[in-house]
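Below is one structure, written out as structure tokens; the observations come after it.
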2 protein chains.
Amino acid sequence: MSKVRKQTWRFDHPIYLAATGTAVGPLEARGPLSGNFDKAYNSLNCGEKDWIEAERALMRRAISYCLAKAGKQEGDMDLFLAGDLTDQTVTSNFIAKENRVPFIGMFGACSTSMETLAAGAQLVDSGYADNVLCAVSSHNATAERQFRNPTEYGGPLNLTQTFTVTGAGAAIVTKERGKVRVCEATIGRVIDWGIGDPNNLGSAMAPAAADTIWTHFQDTGRVPDDYDLIVTGDLSSVGTPILKELLIEKGLDISNVHQDCGLMIYSSDQPVGAGGSGCACSAVVTYGYLYKRLAEGSLKRVLVVATGALLNKATPKQKDTIPCIAHGVVLETAKEGDQ
Amino acid sequence: MSKVRKQTWRFDHPIYLAATGTAVGPLEARGPLSGNFDKAYNSLNCGEKDWIEAERALMRRAISYCLAKAGKQEGDMDLFLAGDLTDQTVTSNFIAKENRVPFIGMFGACSTSMETLAAGAQLVDSGYADNVLCAVSSHNATAERQFRNPTEYGGPLNLTQTFTVTGAGAAIVTKERGKVRVCEATIGRVIDWGIGDPNNLGSAMAPAAADTIWTHFQDTGRVPDDYDLIVTGDLSSVGTPILKELLIEKGLDISNVHQDCGLMIYSSDQPVGAGGSGCACSAVVTYGYLYKRLAEGSLKRVLVVATGALLNKATPKQKDTIPCIAHGVVLETAKEGDQ
């Protein structure tokens, strides 16, 4: 591998996604990306007795689709890298118990999607693993009650509030030739510009996204037009303009190629406040929609910058502001000459 | 690197601990390992206004000692790998915000100590980083109220219950020659033998420790006598005999060389139930006591198997049993010929 600079890794070996798998809840299945997911549940319970079990079903299902499409089994996996938003990442822990794959638990809030993918690609590139299974999940009901209010309250969404995506995404990283290549990763730093409102995570996360994107371009020497798309994870309609402005202030204009997964996954008439959020937001958009576009070649190079707000239920009550992070991964359509 | 088998990594380059740092609370400072820690606070508040801040002070202080002893600064670190027991690992997140080092958040409950060290050594061995800062923390008051009962209750300890260590440990992993070498790591699988009682984590974790230790010996072809010490993280007086019995059933007798950090850190007359637990338990014993013994050569090769119970506050109430994991790292006294 070549370490371009401290924060960006360039994978020297061609590292591929062998396959991806996605599962979503009812609202996501009715959004604009409908048809890009492997499994859509028609209720938040996902056929289970409670939401905790429902989130496990989502991750389990995303993984089973991913394995089936890759023609692989759990026993073929050297490592399982996973995380989620539940306290102590119990969704991932319980899935790891089922699949018995050596497990490295990770936590980066909603950035965990690209955190696990970056780490998985690094492990394969360096020869420490042949096949790494990466997965994340989030569930609207398990997350909203944990971070915000009891969901039974039925309170109206604050205008800046995002809506946790119900879903899970999985990917297998390998050196075996696939249709989509994992080329680089930029590991983010924790940034906190003083936003303390857990109902305004878009504003809180925008500076972290800007820092990682800025660093990525510094490290790689590229310009925004080198990408067909730069997608952020869940900045929403509130954080997106802030991100663009922060980068324009530094002389970097990504407006022509930027989209936000939180705005892609729902349509504007869905009751989701400022947009989607949660680990699954960037995961299902990347492993569902973007993977298909990259595999068919209608997108050739995409930078996915998953954003995460690193708070918990107690920290806002302690008057702490919200530390945020963003991890970026570059995905490209695999080319003939890749070796 | 040579991948001995799926679960065990052997680091081909000599990978060293540049230094370690430890900070502990009052009870740990009065235990048998007193004198092996860099900083001992005389109250659970550690000079801060609340326990959440106190845990951050412990991690902050362990890191500052570690950096100072290594003669390095935060800006010299390529990556910060950290985790803890607080919901959404907020102790680590807030320290990452302070040090601004690119951050990979990890979660493996009390196994996070060796999870971060294993991952850090892997990143350095593969050339992805020159200096990785690893840290974990736990605080008796933040953890006990989160996982068990409001601490104000003052209820008696269950006989099988462990006591969360107040402390933090940090280590810098590097290729620069140091006194202690990180040689191998065995990444654990999640094991659950059906224990559902959060007040009996020693029993729950023993099978995971046995699985990782058994796998380690299978992978490396070694025997227990090849180690001066095999230490488990926090099996306590309850889990320790179970571990030994499980391994003897498989023909592996570690009795002569086994100790448990949870039993090493407190004396039998301290009010700690079945022994110590928490991320900091294995971290401060390893980075404090064991590091010194390895550096001076009175111990030459140690296998540290940090054990983690991957539950949260809700899962026992849902009648879930407790998934557990253990990650092992081999530390050796650096030798003249290492290159």
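Of the conditions (1) in a helix (DSSP H, G or I); (2) more than 21 Å from B:Leu235 (Cβ to Cβ), B:Arg177 satisfies every one except a single condition; which number is it?
(1)
Cβ-Cβ distance below 7 Å, separation of 6 or more or different chains: which pairs start in the range A:305-326 with a residue that is outside the structural domain of A:Tyr227 (by TED's automatic domain parsing) and end on one that is hydroxyl-bearing (Ser, Thr, Tyr) and modelled with pLDDT of 95 or more?
none
With the condition kept exactly as written, say whether any residue in the range B:278-294 is crowded, with 24+ Cβ neighbours inside 10 Å, assigned to a loop (DSSP other than H, G, I, E, B) and small (Gly, Ala, Ser).
If we filter the range B:278-294 for residues that are crowded, with 24+ Cβ neighbours inside 10 Å, which is where we start, we get B:278-288, B:290-291, B:294.
If we keep only those that are assigned to a loop (DSSP other than H, G, I, E, B) too, we end up with B:278.
Then keep just the ones that are small (Gly, Ala, Ser); that gives B:278.
Yes, some residue in the range B:278-294 is crowded, with 24+ Cβ neighbours inside 10 Å, assigned to a loop (DSSP other than H, G, I, E, B) and small (Gly, Ala, Ser).
Looking only at the range B:87-104, which residues are under 11 Å from A:Gly188 (Cα atoms) and either assigned by TED's automatic domain parsing to the domain that holds B:His327 or within 18 Å of the chain's Cα centre (by Cα) (or both)?
Matches in the range B:87-104: B:Ile104 only.
Would a scan of the range B:186-197 turn up a residue that is surrounded by fewer than 21 Cβ atoms within 10 Å (Cβ to Cβ) and among the aromatic types (Phe, Trp, Tyr)?
Yes; the residues of the range B:186-197 include at least one that is surrounded by fewer than 21 Cβ atoms within 10 Å (Cβ to Cβ) and among the aromatic types (Phe, Trp, Tyr).
Looking at (1) farther than 27 Å from B:Gly196 by Cα; (2) more than 8 Å from chain B (Cβ to nearest Cβ); (3) surrounded by fewer than 24 Cβ atoms within 10 Å (Cβ to Cβ), which is the one condition that is false for A:Asp78?
So the condition that A:Asp78 fails would be (2).
Would you point out the residue of the range B:133-145, among those that are modelled with pLDDT under 95 and in contact with a helix residue (DSSP H, G or I) (Cβ under 7 Å, 6 or more places away or on another chain), that is surrounded by the most Cβ atoms within 10 Å (Cβ to Cβ)? Show your work before the answer.
Our first condition is that a residue be modelled with pLDDT under 95; within the range B:133-145, this holds for B:140-145.
This time we only want the ones that are in contact with a helix residue (DSSP H, G or I) (Cβ under 7 Å, 6 or more places away or on another chain), so: B:141-142, B:144-145.
Values: B:Ala141: 18, B:Thr142: 29, B:Glu144: 19, B:Arg145: 17.
Ranking the candidates gives B:Thr142 first.
Could you grab me the full set of residues in the range B:319-330 that are closer than 26 Å to B:His139 by Cβ and surrounded by fewer than 24 Cβ atoms within 10 Å (Cβ to Cβ)? Before the answer, list the steps.
Taking the range B:319-330 and keeping what is closer than 26 Å to B:His139 by Cβ, we get B:320, B:322-329.
Selection gives B:Asp320 alone.
Test of understanding: among B:Thr212, B:Thr240, which residue is in contact (Cβ under 8 Å) with a residue 24 or more places away in the chain, under 23 Å from B:Asn140 (Cα atoms), under 22 Å from the mean Cα position of the chain (by Cα) and part of a helix (DSSP H, G or I)?
Details: B:Thr212 fails: under 23 Å from B:Asn140 (Cα atoms).
Of B:Thr212, B:Thr240, the one residue that is in contact (Cβ under 8 Å) with a residue 24 or more places away in the chain, under 23 Å from B:Asn140 (Cα atoms), under 22 Å from the mean Cα position of the chain (by Cα) and part of a helix (DSSP H, G or I) is B:Thr240.
Could you list, in sequence order, the residues of the range B:301-336 that are within 21 Å of B:Lys175 (Cβ to Cβ) and either basic (Lys, Arg) or more than 14 Å from every other protein chain (Cβ to nearest Cβ) (or both)? Write out each step before concluding.
Applying the first criterion (within 21 Å of B:Lys175 (Cβ to Cβ)) to the range B:301-336 yields B:301-302, B:304, B:329-336.
Within the range B:301-336, B:Arg301, B:Val302, B:Val304, B:Val330, B:Leu331, B:Glu332, B:Thr333, B:Ala334, B:Lys335, B:Glu336 meet the criteria.
Just to verify a result, which residue in the range B:84-132, among those that are at the interface with chain A (Cβ under 7 Å from one of its Cβ atoms) and part of a strand (DSSP E or B), is surrounded by the most Cβ atoms within 10 Å (Cβ to Cβ)?
Filtering first and then ranking leaves B:Gly108.
Would the range B:67-74 turn up any residue that is within 12 Å of another protein chain (Cβ to nearest Cβ) and touching a strand residue (DSSP E or B) at 6+ places or on another chain (Cβ under 9 Å)?
Going through the range B:67-74, the residues within 12 Å of another protein chain (Cβ to nearest Cβ) turn out to be B:74.
So of that shortlist, the ones also touching a strand residue (DSSP E or B) at 6+ places or on another chain (Cβ under 9 Å) come out as B:74.
There is at least one residue in the range B:67-74 that is within 12 Å of another protein chain (Cβ to nearest Cβ) and touching a strand residue (DSSP E or B) at 6+ places or on another chain (Cβ under 9 Å).
From A:Tyr289, A:Tyr266, which residue is among the hydroxyl-bearing types (Ser, Thr, Tyr), out of contact with any strand residue (DSSP E or B) (no Cβ under 6 Å at 6 or more places or on another chain) and modelled with pLDDT of 95 or more? Break it down stepwise before answering.
Values: A:Tyr266 fails: out of contact with any strand residue (DSSP E or B) (no Cβ under 6 Å at 6 or more places or on another chain).
Matching residue, one of A:Tyr289, A:Tyr266: A:Tyr289.
The values are calculated or read from the model by the stated rules, or taken from the named source; none is laboratory data. Remember, predicted model here, so these are calculated numbers, not experimental data. Neighbour counts are summed over all protein chains in view; Cβ atoms, including those assigned to glycine, are modelled from backbone coordinates with ideal geometry.
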